[in-house]
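The values are calculated or read from the model by the stated rules, or taken from the named source; none is laboratory data. Because the structure is a prediction, the values reported are computed rather than measured. Note that we place each Cβ from the backbone using ideal geometry, even for glycine, and neighbour counts take in every protein chain shown.
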Amino acid sequence: MDNVRVGVLGVKRGTALTDFWEEAGGGKFEVVAVCDKWIEGLEAEKEKHKDKNIAYYSDFDDFINHDMDAVVLANYGSEHAPFAVRCLDRGLHVYSEVTACQNMKEAVELVEAVERSGKVYALAEQYCFMPAPRRMKEYYEAGKLGVLELADCEYAHDSSDAWHRLTFGDPNHWRNRAYSTFYCTHSIGPILHATGLRPVRVSGWESANNERRTSVGARTASFGVSMITLDNGAIVKAVNGNLRSGTLWYTMYGSKGKMESARSITRDGGVGHFMAELCDEDGKETLEDLYLAGDVKDPDYSPYGNAEYVCFEGFIDRVLGDADADTIGVYEALDMTLPGLFAYRSILKGGVPLEVPDMRDPATREKYRNDTLCTDPAAAGDMLVPSYSKGNPEIDPSVYEKVRRKFLEEMEKGEFKPE
Ligand SMILES: NC(=O)c1ccc[n+]([C@@H]2O[C@H](COP(=O)([O-])OP(=O)(O)OC[C@H]3O[C@@H](n4cnc5c(N)ncnc54)[C@H](O)[C@@H]3O)[C@@H](O)[C@H]2O)c1
């Protein structure tokens, strides 16, 4: 195979991602099918690509039977695992948006589906491939930081102004019940991917549910903090959520010094800017202060965009047979996802430390095979928990109507753009 035939589930994020890759002159793959149950979105996609030979589906059961090699899963953020299992069982390679799963039962089913299929599974955690995190990985693997002792990582993004585009005013949209530590892979992913270390224990804390959240219909805390112990004893502090002034920042302290990306508030390159203070073999300290824009394949693309390219390219290369292509496979995907789930379980228990399960271990899988605890009524059964630790806040239906109206107005004016 020298060209991967890709199907995309989810027209907002999914096709934005593959559009970007095509624009970047990626080659090596073509989009042959697109699926979304949102008919207006699907029609707009059809119009945009009318010169291409792409099949469009509104029903996943029809889409999955299309003749293709791989799928991009950019469906609801809480529903990736069951769709991934179906695709893998059908013999398709899977590139899954974050996070990998929403409960432990799904984690077990996902890992076993990947193992029995022998297909490539990769998590679309492109933050690991942003310039500073990539440089951190290179340095860590070369031993320049020594052994990791402490890391800080923050991904918080106030998307209140875009909530109508993200949730369509649907009270049951997954983002309205995505608890404070759910979306944790953008923060801890780059630390785990750089070091190859595994999370073993986590405790969680969360803030109050505030007006910024309730005014758009989100039944969650504003932000969450997780303290994670890794298997070498290092400690990671991760911040996730909707802080008013967003943050994207990584720092790692090791036995030979420290390295970090620029904090966003400095307006100084953010994750495109890498700094390190490291001791060489003779104990001499060196300082590095590098703007990594030169690393991107096309300087017009932002570090964000380039990371999408590199992350997806790794998946395509794996499918094409390059066993060394850098991807985030299923065990690592779960190492990145489960600290968020267990941090929230810890929050619900008042912050007690909990073990982060290692899904490589068959005995651990048995323990969690029927564990459906999550905030999604459709998946939780009798293990449903609220999406805010003090109980779901009451939100007047008029809030969702207002958000819905805003979304429809944008659609009517043709101004709707996916986030
Ligand atoms: N990696 C990143 O930086 C990043 C950025 C944005 C979004 N995401 C992820 O991308 C995914 C999609 O997010 P989004 O905000 O674009 O959209 P979303 O979560 O609102 O919806 C996804 C799309 O999938 C469609 N869909 C859902 N279930 C379907 C089904 N069974 N059959 C057919 N269509 C179905 C919906 O109609 C919708 O258009 C989420 O998992 C999100 O976490 C990741």
One residue from PHE29, PHE20 being more than 15 Å from the ligand (Cβ to nearest atom), within 23 Å of the chain's Cα centre (by Cα) and surrounded by 16 or more Cβ atoms within 10 Å (Cβ to Cβ)
PHE29
Restricting attention to the range 107-129, and to residues there that are more than 19 Å from THR337 (Cα to Cα) and of a type outside the set (S, T, N, Q), which single residue is surrounded by the most Cβ atoms within 10 Å (Cβ to Cβ)?
LYS119
When restricted to LEU145, LEU166, LEU150, the only residue aliphatic (A, V, I, L, M) and under 19 Å from ALA218 (Cβ atoms) is LEU166
Residue under evaluation ILE188, criteria (1) surrounded by fewer than 24 Cβ atoms within 10 Å (Cβ to Cβ); (2) assigned to a helix (DSSP H, G or I), criterion not met
(1)
I'd like the full set of residues that are under 12 Å from PHE342 (Cα atoms) and aromatic (Phe, Trp, Tyr), limited to the range 193-238.
TRP205
Looking at LEU248, LEU230, can you tell me which residue is surrounded by 15 or more Cβ atoms within 10 Å (Cβ to Cβ), modelled with pLDDT of 95 or more and under 20 Å from LYS137 (Cα atoms)?
LEU230
If you go through the range 366-382, how many residues are under 23 Å from the mean Cα position of the chain (by Cα), closer than 14 Å to VAL108 by Cβ and outside any strand (DSSP E or B)?
5
Matching residues, the range 366-419, being among the basic types (Lys, Arg), at pLDDT below 95 and either more than 16 Å from the ligand (Cβ to nearest atom) or assigned by TED's automatic domain parsing to the domain that holds GLU211 (or both):
LYS413
Under 6 Å between Cβ atoms, which residue pairs at least 6 apart in sequence (or on different chains) link something in the range 27-40 that is more than 18 Å from ASP51 (Cβ to Cβ) with a partner that is among the hydroxyl-bearing types (Ser, Thr, Tyr) and in a strand (DSSP E or B)?
CYS35/TYR57
Check the range 85-107 and report whether any residue there is assigned by TED's automatic domain parsing to the domain that holds PRO190, away from the ligand (no atom under 15 Å from the Cβ) and among the basic types (Lys, Arg).
no
Can you tell me which of (1) closer than 26 Å to ARG244 by Cα; (2) in contact with a Cys (Cβ under 9 Å, 6 or more places away or on another chain); (3) surrounded by fewer than 22 Cβ atoms within 10 Å (Cβ to Cβ) is the one LYS137 doesn't meet?
(1)
The conditions are (1) polar (S, T, N, Q); (2) within 20 Å of MET1 (Cβ to Cβ); (3) near the ligand (Cβ under 9 Å from one of its atoms), and SER78 fails exactly one of them. Which is it?
(2)
What about ARG404, is it in contact with a helix residue (DSSP H, G or I) (Cβ under 6 Å, 6 or more places away or on another chain) and farther than 26 Å from PHE274 by Cβ?
no
Given (1) assigned to a strand (DSSP E or B); (2) within 11 Å of the ligand (Cβ to nearest atom); (3) more than 17 Å from the chain's Cα centre (by Cα), index of the condition GLU40 fails
(1)
Out of ARG175, ARG135, ARG213, ARG116, which single residue is among the basic types (Lys, Arg), within 16 Å of the ligand (Cβ to nearest atom) and in a helix (DSSP H, G or I)?
ARG175
